[in-house]
Amino acid sequence: MDRDEILHYLKTSNRNGDLFQKADETRKKHCGDKVHLRGIIEFSNHCCRNCLYCGLRRDNKKIKRYRMPPQEIVALALKIARKGVKTIVLQSGDDFWYKRKTIASIITNIKKQTDAAITLSLGERPLDHYRNWRDAGADRYLMRHETANPNLYEMLHPGKSLIERLSLLSALKDMGYQIGAGNIVGIPGQDLKDLAEDIWLIKELDSDMAGIGPFIPQKDTPLSNCPPGDLELTLRALALIRITSKNIHLPATTAVATLDRKEGLLMALKAGANVIMPDFTPQRYSQKYQIYDNKQNITLDMAKAVIFKAKRETGKDKGDSLKCRHYKRHPEA
Ligand code: 5AD
């Protein structure tokens, strides 16, 4: 499928059935029936960036900020692994209070006590931080490209550029991280051509994972009055990524679950998704991690129930990348 075809399918809503079926077949052929679980810890909502869409943005004075102490993060990670979830995702705003060494020691401590994979999602940092964390045992890095349109990127992310973002992603890949890109569907200012570029870029990057979710307004941001992204369009984008990028890991994201609390996750699993990311952040913290309004809390039980409903299996191993450069490194993947 080339860019024009992707665009054509993005525009065509009357053939959703065909598209989702093709995506589901591709998922089955290239990824199998396992749905991998990734346990998220949102350990800090402090952020030095000012992204227009995000409730954690620096200029949001309404949000109550928190930081989890390193020992609490480690203890929670071990608890998640004991529940059989073999990937721990450490996520936060871009928060430099946690120094390079602090994060490295969190990673070392978790790795000493469990064989779970560690995914970092800590935003933009100097390359020596990334290298150090990789040496400490981090396996994966999630950093969405957010939008493939460079002008829109600059409008949404004051002082930042898409080139910078992409060069960090490629540096992470060179360090041996499994990388996760991804974008927001229906972010104000985006058109369908931009969205087709997002799908194309994910393929070109040969990303191991891609997180795709609809835009959802957050009341204390400059985009508070903009309409949310369209769920159906998000599912079409998901299906098209599955069809074009084949063996990529694709989560049924929290934003999809937020737009349709009853059916969102199930619909995503049927449109090509093969990962769910339950949130283990203690509620006293997670209620403050409002990147957008009314964020759904995906629990482990909820994830297992929807996997059962979709007639799929819960992955019991780490669910490493299915891309061959990692397959060589992790023959068990
Ligand atoms: N709507 C949808 N997604 C958002 N994110 C941040 N704010 C929003 C929003 N208002 C996404 C970004 C970020 C991820 C953690 O959450 O893509 O990378």
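The values are calculated or read from the model by the stated rules, or taken from the named source; none is laboratory data. Everything numeric here is computed off the predicted structure, so don't read it as measured data. Neighbour counts run over all protein chains shown; Cβ positions are idealised from the backbone, glycine included.
Laid out as a table, the results:
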| item | result |
| --- | --- |
| Hits in segment 136-172 - residues which are surrounded by 18 or more Cβ atoms within 10 Å (Cβ to Cβ) and within 30 Å of ASN109 (Cβ to Cβ) | ALA136, ALA138, ASP139, ARG140, TYR141, LEU142, MET143, ARG144, ARG165, LEU168, LEU169, LEU172 |
| Cross-chain or 6+ apart pairs with Cβ under 9 Å, segment 174-191 first and touching a residue at least 60 places away in the same chain (Cβ under 8 Å), then of a type in the set (D, E, K, R) and near the ligand (Cβ under 10 Å from one of its atoms) | GLY180/ARG144; ILE184/ARG144; ILE184/GLU146; ILE187/GLU146 |
| Pairs, first closer than 20 Å to PRO126 by Cβ and without any contact (Cβ under 8 Å) to a residue 40 or more places away in the chain in segment 138-151, second within 12 Å of the ligand (Cβ to nearest atom) and of a type in the set (D, E, K, R), C-beta under 8 Å, six or more apart | MET143/GLU124; MET143/ARG165 |
| Some residue of segment 162-176 being of a type outside the set (Phe, Trp, Tyr), within 20 Å of the chain's Cα centre (by Cα) and under 22 Å from LEU233 (Cβ atoms) | yes |
| Any hit, segment 64-83, residues being over 14 Å from GLN287 (Cα atoms), in contact with a Cys (Cβ under 7 Å, 6 or more places away or on another chain) and of a type outside the set (Val, Ile, Thr) | no |
| Verdict on ALA303 being of a type outside the set (Val, Ile, Thr), crowded, with 21+ Cβ neighbours inside 10 Å, at pLDDT 95 or above and within 13 Å of GLY213 (Cα to Cα) | no |
| ILE202 vs. criteria out of contact with any Lys or Arg (no Cβ under 9 Å at 6 or more places or on another chain), under 29 Å from CYS324 (Cβ atoms) and β-branched (Val, Ile, Thr) | yes |
| Some residue of segment 72-85 being at negative phi, under 21 Å from the mean Cα position of the chain (by Cα) and not in a helix (DSSP H, G or I) | yes |
| Tally of residues being within 15 Å of the ligand (Cβ to nearest atom), surrounded by fewer than 22 Cβ atoms within 10 Å (Cβ to Cβ) and over 16 Å from the mean Cα position of the chain (by Cα) across segment 193-203 | 1 |
| Criterion (more than 19 Å from ILE41 (Cα to Cα) and among the charged types (D, E, K, R)) met by exactly one of GLU154, GLU124, GLU72 | GLU154 |
| Candidate set: segment 204-254, residues that are in a helix (DSSP H, G or I) and within 11 Å of the ligand (Cβ to nearest atom); chosen: the one surrounded by the fewest Cβ atoms within 10 Å (Cβ to Cβ) | THR254 |
| Residue match in segment 40-47 (condition: touching a residue at least 24 places away in the same chain (Cβ under 8 Å), among the small types (Gly, Ala, Ser) and either farther than 30 Å from ASN225 by Cβ or outside any helix (DSSP H, G or I) (or both)) | yes |
